[in-house]
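A.B. asks: I am attaching a structure below and will ask some questions about it afterwards.
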Amino acid sequence: MSLELRSYRTARTAKRCGMHGCRRIIQPGDRYLRTSLPPLVDPNSSEHWWSLNACTECMRDKTSDEEHAAARFNKQHPIGTPVHAYPGFRPEDDPSARRLDTRTRSIASVLGRSAVVWVEGHSACIALTHVDVIDAQPDEGGVS
């Protein structure tokens, strides 16, 4: 039995989606999910109720989408594929974003709600949305 409280609502005022990594604004008239967890229930380890709003995109169950993305990546790109990896932010989101020119060191898999891959030279996995495969050109020497 889940102790989570959930209600689907229509926004009267603009609200920010509270899901990790989502920057969408829920506009008046948009449907959203209001969810709350009582104190001391995973993942709420505090002594207070934990509540958040989730936009319609975050409400969707993306597990199958992410599993398909990981499988597609694995089918097209074996371990050792040269990539540009962006830990944290992509350059279009943050002009000062760091880029790693590296290679994959694992197959892609799903971690939580994201398809991820591990790369050489970085100690954490990186979301596939933050990885660009480097197309090998015949006159290029490869990844440094």
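A.B. asks: Could you give the accessible area per residue of segment 40-131, probe 1.4 Å, as a whole number in Å²?
C.D. replies: Value returned for segment 40-131: 61 Å² of accessible area per residue.
A.B. asks: At most 16 other Cβ atoms within 10 Å and a DSSP loop assignment: could you name the GluC sites (Glu not before Pro) in segment 60-139 that fit?
C.D. replies: Taking segment 60-139 and a limit of 16 other Cβ atoms within 10 Å, the loop GluC sites (Glu not before Pro) found are Glu92, Glu120.
The values are calculated or read from the model by the stated rules, or taken from the named source; none is laboratory data. Note that this is a predicted model, so its numbers are computed, not measured. With ideal geometry, Cβ positions are generated from the backbone for all residues, glycine too; neighbour counts draw on all protein chains shown. When the accessible area is computed, the model is the full protein with side chains, heavy atoms only, and any ligands, DNA or RNA have been set aside. Shrake-Rupley method; radii C 1.70, N 1.55, O 1.52, S 1.80 Å.
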